[in-house]
Amino acid sequence: AGNQLSKSSTAIRKNIEWACNKKLWPELWDTTPRIFWYFYPSESVAGTEFEKKWVPEFLPRGAMKNHSEYGWDVEYTNGTLTALHFKSGVTIYFKTYGQKVVNLQTATIHMVTCDEEMGSEYVDDLAFLCDIA
């Protein structure tokens, strides 16, 4: 697909909505979602996108930042963006294409989002983890 068509922005909005809108969950999953993965090409891209796009444009702000479902907190490990925890109970973990595929085979996840194209070696393992139709 072409650049600047809102693919990334749409994916971010979808992740936030699906992570927080509990009314949608029974239509989307048979179990309560807890873990989403959001892939970026690198840790630095993930951090920049989060600080410059997620926070100012899409994540709830002001009093809504503490809302019982849409409220959120961010987690950094050693200065690197690790996770976005929503008060709904869903956590979005930020992953990169630099991670070994074998290290991605150990989770139960409800949603995977890939910002930019991922290597084909990831597709089968990620599809197995989250019942992709």
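The values are calculated or read from the model by the stated rules, or taken from the named source; none is laboratory data. Everything quoted here is computed from the prediction, not taken from an experiment. Reconstructed Cβ throughout: ideal geometry from the backbone, glycine too, with neighbour counts over all protein chains shown. All accessible areas refer to the heavy atoms of the entire protein, side chains included, with ligands and DNA or RNA removed. Shrake-Rupley method; radii C 1.70, N 1.55, O 1.52, S 1.80 Å.
Listing for the model above:
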quantity: Simple label model, 7 Å out from Cα along Cβ direction - SER8 to GLU116, nm; calculated: 0.8
quantity: Of LYS23/LYS95; LYS14/LYS53; LYS53/LYS95, those spanning more than 25 Å from alpha-carbon to alpha-carbon; calculated: LYS23/LYS95
quantity: Translational D in µm²/s for the range 6-68 (Stokes-Einstein at 25 °C, 0.890 mPa s, Kirkwood Rh from C-alpha pairs); calculated: 186
quantity: Solvent-accessible surface (1.4 angstrom probe) belonging to HIS85, in square angstrom, nearest 10; calculated: 60
